[in-house]
1. Would you be able to tell me the number of residues in the stretch A:1-30 that are buried (at least 17 other Cβ atoms within 10 Å of the Cβ) and of a type in the set (Phe, Trp, Tyr)?
2. Out of the stretch A:105-131, which residues are buried (at least 22 other Cβ atoms within 10 Å of the Cβ) and of a type in the set (A, V, I, L, M)?
3. Residues being surrounded by fewer than 17 Cβ atoms within 10 Å (Cβ to Cβ) and either at pLDDT 85 or above or assigned to a loop (DSSP other than H, G, I, E, B) (or both): count how many of those fall in the stretch B:233-246.
4. Quick check: anything in the stretch B:45-57 in a helix (DSSP H, G or I), within 14 Å of chain A (Cβ to nearest Cβ) and in contact with a Gly (Cβ under 7 Å, 6 or more places away or on another chain)?
5. Answer with yes or no whether B:LEU32 is more than 14 Å from chain A (Cβ to nearest Cβ), touching a Lys or Arg at 6+ places or on another chain (Cβ under 7 Å) and buried (at least 21 other Cβ atoms within 10 Å of the Cβ).
6. Which of the following residues is within 14 Å of chain A (Cβ to nearest Cβ) and either in contact with a helix residue (DSSP H, G or I) (Cβ under 9 Å, 6 or more places away or on another chain) or buried (at least 19 other Cβ atoms within 10 Å of the Cβ) (or both): B:ALA16, B:ALA103, B:ALA110?
7. Among the residues of the stretch A:186-229, what is the count of those that are assigned to a loop (DSSP other than H, G, I, E, B) and touching a residue at least 12 places away in the same chain (Cβ under 8 Å)?
8. Being within 14 Å of chain B (Cβ to nearest Cβ), in a helix (DSSP H, G or I) and acidic (Asp, Glu) is the filter here; which residues of the stretch A:111-136 pass it?
Amino acid sequence: MTKILNVSHLRKSYTSGNKELVVLDDISFGIDEGATFSIVGPSGSGKTTLLGLCAGLDKADSGEVLLCGVALSNLNEDERAQLRNREIGFIFQDFQLIPTLTALENVSVPLELQGEKGASATAMELLKKVGLADRSHHYPSQLSGGEQQRVALARAFCNRPRILFADEPTGNLDEETGNKVVQLLFDLNKEAGTTLVIVTHDLELARKTQHILRLKGGKMLSNESLPST
Amino acid sequence: MNKEGLTKKTGILWVALMAYRDGRASSRRLILFMAAIVLGIMAVVAIQSFSANLKENISLQSKSLMGADFLIDSNQFPTDRVLGIIDSLGGSDGMEVNFASMAAFPKADATKLVRVRGIAGDFPIYGALETEPLDAAINYSREGSALVDATAMLQYNLRVGDSVKIGEMTFAIGGALKSAPGSTAISSSVAPPVIIPYEYVEQTGLLQMGSRLEYNYYFKADEDTDLLALDEKVDPILDAENADLDSHLDTSRRLGRRYDNFGKFLNLVAFIALLLGCVGIASSVNIYIREKLKSVAILKCMGATRKQSFYIFLFQIAAMGFIGGVIGALGGVLLQQLFPYILQDFLPFEVTISWVWPPILQGILLGISMSVLFALLPLLGTWFVSPLQVLRIQEHAPKPPRPFLILILSSIMLFVFLFSLSLLENWRYALSFVLGIMVTFAILSGIAGLFMWGIKKYFPSSWGFCARQSLLSLFRPQNQTRTLILAVGVGTFLISTLYFTKDILLAKAQLEPGANSPNIIVLDVQSDQQEGVTGLIEPKGLAVMDNIPIVTMRVQELKGRPVNEIRLDTTSTINGWILSHEFRVTYRDSLIASETLLEGDWVTEYNGNGPIPISLAYNVAQDAEVGLGDAITFNVQGVLMETVVKSIREVDWGRMQLNFSIVFPKGVLEQAPKFHVITTSAKDEASSAELQRDLVSSFPNLSIIDLRQVINLIEDILDKISWVINFMAFFSILTGIIVLIGAVRTSKYQRIRESVLLRTLGAKGRQILKIAALEYLYLGILGSGFGILLSLLGSELLAYFVFETGFTPSVIPFVVVLPGITALVLGIGLLNSTAVLNSPPLQVLRKEKP
């Protein structure tokens, strides 16, 4: 099977005062296209940093990320932005909807960026799918947390991404709403064949994926495949 | 990957759509940014449009302003040669002689210094004498009556048919003179005009030695006459005869220049308002963009390029600038209609207002360019924000690299300089203006920084909770301390400077203190009238303080070269007025208080050997290009006198006393035909009026200057000027208030969050209000206080270096402006805070989030 994401010997550090703080060290793994994958670990283990590097939101000190066959280190910021627009979807813990846009506008932005005509119609379809058609003209501040995360889900899938990164997607939701959102996430993944990469410290959620990568102190502890559920 | 693909597909329409979507939710704030520049643009457009109207009106009305196509003037009765030229030009159509003299109004038992205009023939050829009744302008010459300045008539409660005595002649008043070519409102307030038929001038007995006469011969030119060519041809010949040719084009140019300078000054005041607005924009956009960075990071995460996300907000700001420019330009056009009323005291004619497109377009362009330029620095934050910010909160807004910073700041400076240059048309003035603005802004900004540093470093931990919280607010992240101090400070600086400058000008014009200074100057006293005049002064218990002899003379030769030869020498740089001026010279053996010896030796008395040693004022020596030891030959009423420059004096012309360009030693001019100036000091207005009445009734040829009245006049004129300047400063103040409201509103969300937190923790509404009140009180006092102090410092420097005088500053800035502006800041701040207090915390938070 083709690897949609291939990470090799990734290293990332920050400078704090005169000290170098290594956040990720020698991380290597690969994800097959269409697979579900979770990155777990305690707070400060480097999970979010790894997600940022894999999605091309940040640059590594050394090592390489091959995303959809493209080496991210060869791209400049705008090229990485275009790659994200075409191939990647995002879900964040705190939803990250643009507060000044309505739910519908938030969902249609990635399609509009591709210059697609009928972005609104597609966005509306997705809002229907997540059960928010009647809230399409509401601003994020007028929606509950669960509703905001569903809008974020619709936005993440609207450009039919090959890979979707989710950073603690249920972190800000109650159990019931969280479960609904997770269900929706996996349903959409199945339906569209999108690769799913979830960063979480919720082991129950991680166990729903096919692979679990464990991090601790910036180092990779394990990369295990789970029997399919 | 196709790099350009996305940009092309999404294009400018998507950027505009996103700008609109985002702006829709932030419309209130964007409107405030816009309002900050509207007033500045309004003022600039109004002034520029009005200046253009003025120029157009001046050139259209230049003939009626002069009353003729051209005139020949001379300060003496024209020589035969001049009369020959007048004849050769077909003879003048009208003529006048004018001079200052006392007029007595028997009905009011009053006397007043007036400008008598004796008119003959068809004057004015263009325009009209506006009188009440209307036909008085035509009838006065036939009836032999006088037209008296309408304001003077009102002042003395005179009516048509009352009499006015000028010199030896008494005239019936034929009408009130409302306006006449050649008289402006300002000159009329010094010496109001009285028009009489020329044929009676001789009979007034005022055409005698010592009178400063001006003869004007008015001409109507054929349509095909080239006035410039005529001027070039005739003027050199007239110059040699102490006469001059002036065409209506010269009047137009002169007037144009005069109002241009005033217009430029007003433009600068308006421009300061605009700059203040732009500083407000920069600061508000800074906070605005900081709050938008998260959205930009999300957009970048979704695949927006740096350019796209930057353009969204650039488009938003440019659109606000455009709308602000359009509203400002329209407001400017409305304001333009008011200018004839605002400036009516300074205009010699009625100005017809019309739309002028270049200033309107310039206003719109200014709106766009200035708002974009000043917002560029915070806008760049959108370019440099990383998409990673969606995962991690960055404490500080991304800082653009130093070269960008330098480039943008230089562009702003260059723009301000170029715009000032286009207004002032002199790079030195423009540079000084930019530097002045920079220094003022930098000092105020520095003071704000120092203040924040000071409270942080020496934080009064022992103070009560509210006082401490209010101080903390001043240096918390995203504080508005610097913006508010700048806005309040610059506004206060402007108003206070206006007051202080007025104080300086008044101090400069003030009489020398003490009872020993004269306040009444009696001019044109003939030698045989001296005893009679002193005989009227002394019995009233008043002392004759000076009896200054004056001899009139002209320059015949400079350094051995006849003036006629110098006139023809096109390479000569000697100032023309030296060659044709009739100098009024005195002789004495000592320097007076307004004089300082700069070079050479002061000669008290002429010993009869060699050329006569004289003393020149520095400015005359400069203009005549002579120095110590240079020879000057004077023509003293037909007698040539050879002199040598023995000393050069600095003369303080601003002092209210008789100053002289040229002083002879004693022992030379005693026997020359001369007249005298006698000074005295009257205790009060009543004794001054009585003395003037007695003097004029006994000696009608005398002119009397009452310095008290002159000071009142100067104050009056300064009041009129300061009303205009105050009017313009009002725009800065109003802009300052808008910037203030903008700054307060922009930081509202942050304040709400803090208030909500404090309320959640148990703080009472009164405590939160007290915290806000104290914070705005500090800002108000600091901004206005330093604005006033800075203005006092600037005014002191101006007084010391430019006006060379000391002055007592008005208390108005301290007792009215400072508390007034502080109260305003407090009011605006508290209004904002009460809105926060009156809403439930959760509702406030939800409402404010977009």
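1. Summing the residues that are buried (at least 17 other Cβ atoms within 10 Å of the Cβ) and of a type in the set (Phe, Trp, Tyr) in the stretch A:1-30 gives 1.
2. Correct list: A:VAL107, A:VAL109, A:LEU111, A:LEU113, A:ALA119, A:ALA123, A:LEU126, A:LEU127, A:VAL130.
3. 1
4. No: the stretch B:45-57 contains no residue that is in a helix (DSSP H, G or I), within 14 Å of chain A (Cβ to nearest Cβ) and in contact with a Gly (Cβ under 7 Å, 6 or more places away or on another chain).
5. Answer is yes for this residue.
6. On the way: B:ALA103 fails: within 14 Å of chain A (Cβ to nearest Cβ); B:ALA110 fails: within 14 Å of chain A (Cβ to nearest Cβ).
Residue meeting the stated conditions: B:ALA16.
7. Going through the stretch A:186-229, the residues assigned to a loop (DSSP other than H, G, I, E, B) turn out to be A:193-194, A:201-202, A:207-210, A:217-218, A:226-229.
With the extra rule that they be touching a residue at least 12 places away in the same chain (Cβ under 8 Å), the set shrinks to A:193-194, A:201-202, A:207-210, A:217-218, A:226, A:228-229.
Going through the stretch A:186-229 one residue at a time, the tally reaches 13.
8. Of everything in the stretch A:111-136, just one residue is within 14 Å of chain B (Cβ to nearest Cβ), in a helix (DSSP H, G or I) and acidic (Asp, Glu), namely A:GLU112.
The values are calculated or read from the model by the stated rules, or taken from the named source; none is laboratory data. Bear in mind the structure is a predicted one, so any value in this text is a computation, not a measurement. Here Cβ is always computed from backbone atoms with ideal geometry, including for glycine, and neighbour counts include all displayed protein chains.
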